[in-house]
Amino acid sequence: MIRLCTDQDFDRIHTIINDGAHAYKGIIPDDRWKDPYMSAKQLQQEIEEGVVFWGYEDNGTLSGVMGIQNVQDVTLIRHAYVLTTNQKQGIGAHLLSHLRDLATGPVLIGTWADATWAIRFYEKHGFQIVGPREKDHLLKKYWSIPDRQVETSVVLADVTWRKLNPKSSAAS
């Protein structure tokens with residue numbers, strides 16, 4: 001079952017993010033990896049900046065989380081993680097579908113350029129990578145991330161965003 005996460009879920013969200021993020025170790029640039037991947041302070045800051053987490057719960061236990069954040073004229077999907085032991089069971093797909101239904105604007109997703117499995121997942125669900133110049137512009141406009149992360153990330157856009165931005169350069 002998909003449900004809105006509450007303050008009582010904070011520690012579980014933190015655990016799921018840091019467990020699921022281990023997939024990035026050795027994949028993303030070494031200077032971007034840290035353990036824990038996201039500190040409790042960083043998670044609290046993300047929530048305070050408007051990221052609303054939804055979770056996938058089975059038998060009373062959260063096993064996946066995904067955040068949604070409205071920023072200006074778009075909806076961002078943020079921090080999508082599933083516990084390592086629960087991956088490849090459709091949890092991410094269920095969460096993504098639910099959050100897309102909640103979106104109030106075109107949907108954008110940022111992820112690591114070297115996280116090919118994540119990119120394939122989003123492409124399978126109708127998102128497309130935007131071109132490099134557009135990516136840099138979008139990351140600087142809608143996200144608050146370091147320049148180094150901008151360099152090593154991609155942005156994927158949904159069909160609504162692409163229809164509203166037909167002259168945007170698509171990635172080849």
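The values are calculated or read from the model by the stated rules, or taken from the named source; none is laboratory data. Please read all numbers here as calculations on a predicted model, not as lab measurements. Reconstructed Cβ throughout: ideal geometry from the backbone, glycine too, with neighbour counts over all protein chains shown. Calculation scope for accessible area: heavy atoms of the full protein, side chains included, ligands and nucleic acids excluded. Shrake-Rupley method; radii C 1.70, N 1.55, O 1.52, S 1.80 Å.
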J(HN,Hα) series, the stretch 156-162, from Karplus relation 6.51 cos²θ - 1.76 cosθ + 1.60, nearest Hz, glycine and proline x: 10, 10, 7, 5, 4, 4, 5
Å² per residue, accessible surface of the chain at 1.4 Å: 54 Å²
Loop-located trypsin sites (Lys or Arg not before Pro) in the stretch 84-137 whose Cβ has at most 14 other Cβ within 10 Å (DSSP): 88
Full-extension gain in nm, residue 141 to residue 117, via 0.36 nm per residue minus C-alpha separation: 6.1 nm
Set of aspartates and glutamates near residue 167 by C-alpha distance (under 15 Å), chain-local residues within fewer than 8 positions excluded: 134, 158
Backbone N under 15 Å from the residue 73 label point (7 Å along Cα→Cβ), restricted to the stretch 89-127: 104-108
Cleavage-rule hits, chymotrypsin sites (Phe, Trp or Tyr not before Pro), the stretch 1-44, DSSP coil, Cβ neighbours within 10 Å at most 16: 33
Value of [θ]222 nm, deg cm²/dmol, for the chain, DSSP H segments ≥ 4, -39500 (n - 2.57) each, nearest 500: -10500 deg cm²/dmol
Alpha-carbon centroid distance for the pair the stretch 91-164 / the stretch 50-84, whole angstrom: 14 Å
Residue-count net charge about residue 72 - beta-carbon cut-off 15 Å; Lys, Arg +1, Asp, Glu -1: +1
Among 99, 65, 87 - extreme Cα towards positive end, dipole of the stretch 61-134, charges at beta-carbon: 87
Whole-Å semi-axes of the stretch 76-157's equivalent ellipsoid (Cα gyration tensor): 22, 15, 11
Accessible carbon and sulfur surface of the chain relative to its total accessible area, %, 1.4 Å: 48 percent
Gain upon complete extension [residue 44, residue 160; 0.36 nm per residue less C-alpha separation]: 38.7 nm
Filter on 140/163; 135/163; 88/140; 34/140 - keep pairs with C-alpha separation over 24 Å: 88/140
